[in-house]
Amino acid sequence: MFAVKRALKLNNNEATLMARHAGFRRVVFNFGLSLRTQMYSEGKFTDSKVINEVKKVLTNYVKKKPEFGWMNQLSSRVYQNALIDLKDAFSRYRSGSSGHPKFASRRDGQSFTVDSSNGKVLLNAGKTIKIPTLGTFRLFEPLECSFVSQTFTISKEGNRWFVSFCVDAERLPVPQPESSVGIDVGIKSFATLSNQQVFDAPKPLIASAKTKLATLQRQASKQVKGSKNQRKTYNKISRLHARIARIRLDFLHKLTTYLAQTFKLIKMENLKVKGMMANPKLAGAISDLGFYEFKRQIDYKCRMYGARLVLVDQWFPSTKTCSNCGSKKDRPLSVRTFDCPACGISLDRDFNASVNILNWEPSA
């Protein structure tokens, strides 16, 4: 199974329609969460039972009141899926995998889900997509082939709307031309390969955007709370956040796709990003580079394209070991070359580490 995501090419009326449905989802989710929270004292009611009763109240009472007549103009699948989302949120909370559900806010993002109540639908290849209960919309990037799916999630990133859906199929593996590679991931150079290729993250673009972001955030803090001008500034901030995320994701997707389609065997460190973020001097850089997302993408793309991923023990001293003779020597991060006192070889620090990662084998 894999997901397909495309940007929607909407006119003003269509964008307004999407925003109304996102607001519908937010109202229903918050309504259900409020009622469930109020009924905590009634211990005999489970989350599922309360949410099912909320659904009945919405259908048989709330939607029939004149002040909520606008709900009848929108897709009923939105509020059905909003309550499913709420039920799932409580399930994660009860299992301990996440915190208590929070009230949805427009500033947290706009999204909603619809599905076909008649089962899976066929999506034809081309530059339009027919979304169940919503209509047919144009796409910026065409669907390269026909797909079959049932559930569709529409979300807003910055000032653009996207549609995503899952496809119950597997991609065919591709023949990788190269045998194996070791990858050292770092801050100075994002990825250094054992074949001497070096990939640098687009840090200058992100740094420029973050400077503008700080300016806009200061501007918003000085404006009247809730005013139209502050809303406009927050919209600019949202668009800038989306641009930064797209720059980072574009780089990571291109790199991970190249690696998974080029090498049969990929070895890299088993990055423990949460522990790395504990270092206050490195946390900002690590967050900007997206180490966690890189690991996540390389993992699923290796499985998608038929490559093999080996995660090297995080405690393996790849940067302290000479790749030529195996002797070890500590050195600070500021020293960017590995000068071996035993064999006299001098190598770039990151390249030396990538060769060690390639040669690593698990202990018996």
**Prompt:** Using a Gaussian network model of the chain with C-alpha springs under 10 Å, which one of TRP315, TRP70, TRP161 is most mobile by mean-square fluctuation?
**Reply:** TRP315
**Asked** Å³ per residue of the Cα convex hull, for region 178-312?
**Response** 121
**Extension gain, ALA169 back to ARG246 (0.36 nm per residue minus Cα-Cα distance, nm)** = 25.1 nm
**Request:** Pick out which of SER327, SER194, SER318 has the largest mean-square fluctuation in a Gaussian network model of the chain, springs linking Cα atoms closer than 10 Å.
**Result:** SER327
**Prompt:** How many percent of Cα pairs in region 2-167 exceed 24 Å?
**Reply:** 40
**Request:** For the chain, set up a Gaussian network in which alpha carbons nearer than 10 Å are linked by springs, and say which option among ARG349, ARG26, ARG94 fluctuates the most.
**Result:** ARG94
**Message:** Just to be sure I follow: if Rg is taken over the C-alpha atoms of the chain and Rh is the Kirkwood radius over the same atoms, what is Rg/Rh?
**Reply:** 1.04
**Message:** Run the simple label-point estimate for ARG308 and SER208 please: 7 Å along Cα→C-beta, distance reported in nm.
**Reply:** 4.4
**Request:** Take peptides 120-132, 78-90 and line them up by average Cβ neighbours within 10 Å, highest first, as a rough protection proxy.
**Result:** 78-90, 120-132
**Item:** C-alpha center-to-center spacing [region 321-364, region 121-184] in angstrom
**Value:** 42
**Request:** Give, in nm to one decimal, the length gained when the segment between ASP200 and ASN11 is fully stretched (0.36 nm per residue of separation minus the Cα-Cα distance).
**Result:** 64.3 nm
**Complete:** Cβ density ranking, 10 Å radius, fewest first, applied to HIS21, HIS100, HIS241 yields HIS100, HIS241, HIS21
**Message:** Counting other beta carbons within 10 Å of each residue's own, what order do ARG6, ARG296, ARG107 fall into, fewest first?
**Reply:** ARG107, ARG296, ARG6
**Message:** Please compute the length gained on full extension between ARG94 and PHE162, using 0.36 nm multiplied by the number of residues separating them and subtracting their Cα-Cα distance.
**Reply:** 21.4 nm
**Prompt:** What is the dipole size for region 2-167, taken about its Cα centre, with +1 at each Lys and Arg Cβ and -1 at each Asp and Glu Cβ, in debye to the nearest 20?
**Reply:** 200
**Message:** If you fit an axis through the alpha-carbon atoms of helix 349-359 and take the longest principal axis of the Cα set of the chain, what angle between them do you get, 0 to 90°, nearest 10?
**Reply:** 90
**Message:** Taking the Cα centroid of region 14-32 and of region 63-116, what is the distance between the two, rounded to the nearest whole Å?
**Reply:** 8
**Message:** Sort ARG36, ARG106 by Cβ crowding within 10 Å, fewest neighbours at the top.
**Reply:** ARG106, ARG36
**Asked** What is the spin-label model distance, in nm, from PHE68 to HIS253 if the labels are put 7 Å beyond Cα along the C-beta direction?
**Response** 3.9
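Where a number appears in this text, it was derived from the coordinates with a stated rule and is not lab data. The shown structure was predicted, so the numbers you read here are calculated from the model rather than taken from an experiment. Don't worry about glycine lacking a Cβ; one is built from the backbone with ideal geometry, like all the others, and counts go over all protein chains shown.
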